[in-house]
Amino acid sequence: MKARLLIVLQAAVIVAAAWWIYAPALHGEWLWDDNTNITENPLMRDPAALWKIWFAPTSLDYYPLQMTVEWAQWRLWGMDTLGYHATNVILDIACAFLLWRVLRKLGLRLAWLGGLLLVVHPVTVESVAWIVEVKNTMSLAFLLLAYASWLDYRGRRDGVMSQLLDSRSELKSWDMTPYLLALGFFVAAMLSKASVVMFPFVLLLHAWWKTGRVSRRDAVEAAPFLVVSLALGLVAVLLQQHRAIGAVALPLGGPLSRAAVAGLGAAFYLWKFLVPAGLMPIYPRWDVDPPSALQFLPWLAIGGLAWFLWRTRRRGALFCLAVFLVNLAPVSGIISVSYMRLTWVMDHLAYVSFVGLIGLAVAAADRAQARFRVASIVLFAALAAVLAAQSRACAGAFATARVYWTRALAGNPGAWAAHYNLALILVQSGEFPEAIAHLERAVALNTAYEAAENNLANALSQTGRYDEAVPHYESALRLNPGNAVTHYDYGLTLRSLGRSDEARDQVTEAARLGFFDRQPGK
């Protein structure tokens, strides 16, 4: 009875912590990709949406399960963000409970502390408070379900193997249901977000951890997971290359530069796990093309740590470190991803890989409690409280788009995307001088930013600064000559300057490009 009551109390602490942390963001506004994915996505209103989501995708990524959930939420909540945010919080709580369950199956006495740490850690806030990152919470939930089912399967398989070695035991049937469940949950995780693609390698690492080797049977059992991983992972990569990135040049450089980014990123996330301070939406990007010798030091440090754990026979700790590093691989810079036009690292990219570090932290907590029971309990409680308070402050940044982008610029004044997005908010509120200043900064930081050039020209034109608007319209059209809207707006500005012939040419070009077909009221 006492054990059950303790479990209920522990679960209540996780639930209460999650809702307290995210209370400031529950009515938070749409941010960044939220509009592209939901509010401005024609699929949300398309009668054939589900067919197109699954079998004729037009989005930048193939995450049909995530898109299906967003489609269903659009019909439930519409433009009210409360339902979307609440869904993310509920999924985060589910992930915490599932991680608790997995760590318990792995033999950790303080497994519930892992679930709590997932909820209260500030780096995980971005994955929960940002509506569109429902793909993160969904994919991790399915991944943990897959791992839990896999552990059940391994337990039953190993039990049958032990019976074969003991002739006195009555051989029981080998139930494959957990294996099939694990495979099904992994497919669901991949259809939510492809960043869980490394799970087959986690299964092989688990086999090595438990037995000291990877047998042929282990490889055969992991093979179907690898097939799913390769198939859906390849789809994700192709869509990123051809749709999300397109012709945009990413400053990743060659293999050495990418290796430097991967090492620096791993060290960055490890440090943020230990010291989650200075978090921001867009981190400054390191210059790695070409890389310096110092930028490879993280790999030396990681290699040294791995060697130490190997030499001291701490296979469990080495397994946790490997899980962290392996799950970072898809977002490490080895493969080009569209967000890298802004930064090399983002908090939500570590949501899945942090599971390995959380496992390591819980294992350390188990040892500490065994030796210093009272002191460790006080320390754990204080640490959880501090992290929860910081996470709540981070969640507050998601309350409004203005607060979000202002905070982004406070941490990284060189974030051109933050300047641009804040400027759009200022334009909507009629604060044109401030908006123009941010747009000018955006085009100075990114000289190939067509949208910023266009909006800067519009803002200057709306404030009567027609002469200043002209060069920015021309820059926007050099970057994208086929933008009918820009041609039309430029024509209006030229007309205001009395340059009627040029204005007529621009409006004519806008008409040729179909502007009036899309804007019947013009």
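Which residues in region 51-77 have a backbone N closer than 18 Å to a point placed 7 Å from the Cα of ALA231 along the Cα-to-Cβ line?
Zone members listed by number: 54-57, 62-66.
Please compute the Cα-Cα pair-distance distribution of region 76-115 with 5 Å bins starting at 0, giving whole percents from short to long.
With a bin width of 5 Å, the distribution comes to 6, 26, 18, 14, 10, 9, 8, 6, 2.
Want the number for VAL374 to VAL485: 0.36 nm per residue separation, take away the alpha-carbon distance, what's left?
33.2 nm
Would you work out the relative contact order for the chain, in percent, from Cα pairs under 8 angstrom that are 6 or more residues apart?
RCO, the chain: 16 percent.
Starting with the fewest neighbours, write out HIS348, HIS27, HIS438 ranked by other beta-carbon atoms found within 10 Å of each beta-carbon.
HIS27, HIS348, HIS438
In the chain, what is the count of Lys pairs whose alpha carbons are under 24 Å apart, counting only pairs at least 8 residues apart or on separate chains?
9
Return the whole-Å distance between the Cα centroid of region 80-129 and the Cα centroid of region 363-428.
15 Å
Specify whether the C-alpha gyration tensor of region 320-466 places it in the rounded, prolate or oblate class, a ≥ b ≥ c being the square roots of the eigenvalues: rounded for a/c under 1.5, otherwise prolate if a/b is larger than b/c and oblate if not.
Verdict is oblate for region 320-466.
At a 10 angstrom cut-off on C-beta neighbours, averaged per residue, how do the peptides 417-430, 139-152 rank from highest to lowest?
139-152, 417-430
What nm value, rounded to one decimal, do you get for the distance between GLU40 and ALA389 when each label is placed 7 Å out toward the C-beta?
Output for this residue pair reads 4.0 nm.
Which order do the peptides 368-375, 252-259 take when ranked by the mean count of other beta-carbon atoms within 10 Å per residue, highest first?
252-259, 368-375
Give me GLU509, GLU29 ranked fewest to most by other Cβ atoms within 10 Å of their Cβ, as a rough exposure proxy.
GLU29, GLU509
Going by C-beta contacts inside 10 Å, put LEU230, LEU279 in order with the fewest on the left.
Neighbour counts put them in this order, fewest first: LEU230, LEU279.
Under the Kirkwood approximation applied to all pairs of distinct alpha-carbon atoms, what is the hydrodynamic radius of the chain in Å?
Kirkwood radius, the chain: 25.5 Å.
How far apart, in nm, are the 7 Å Cα→Cβ label points at ALA410 and THR211?
5.4 nm
Projecting each Cα onto the charge dipole of region 423-522 (Lys/Arg +1, Asp/Glu -1 at the beta carbon, about the Cα centre), which of LEU426, LEU445, PRO481 comes out farthest on the positive side?
Going by the Cα projections, it comes out as PRO481.
With +1 on each Lys and Arg Cβ and -1 on each Asp and Glu Cβ, and nothing else charged, work out how big the dipole of the chain is about its Cα centre, in Debye to the nearest 20.
Around 2740 debye, computed over the chain.
How large is log10 I(q)/I(0) at q = 0.18, 0.19, 0.20 Å⁻¹ when the Debye formula is applied to the Cα atoms of region 238-391, each weighted equally and without solvent?
-1.16, -1.25, -1.32
With a Förster radius of 45 Å, plug the Cβ-Cβ distance of ALA448 and LEU180 into 1/(1 + (r/R0)^6) and report the FRET value to the nearest 0.05.
Approximately 0.35, to the nearest 0.05.
Got a sec? Which residues in region 249-284 would a label at LEU305 touch, if it sits 7 Å along Cα→Cβ and we count backbone N under 19 Å?
Of the residues in region 249-284, 259-279 have backbone N under 19 Å from the label point off LEU305.
Using a Förster radius of 30 Å, what is the FRET efficiency between GLN241 and ILE7 based on their Cβ-Cβ separation? Nearest 0.05, please.
Efficiency, rounded to the nearest 0.05: 0.05.
Read the figures in this text as sums done on the coordinates, not as results from a lab. All values derive from a computational prediction rather than experimental measurement. In this analysis, Cβ positions are derived from the backbone assuming ideal geometry, glycine residues included, and neighbour counts consider all displayed protein chains.
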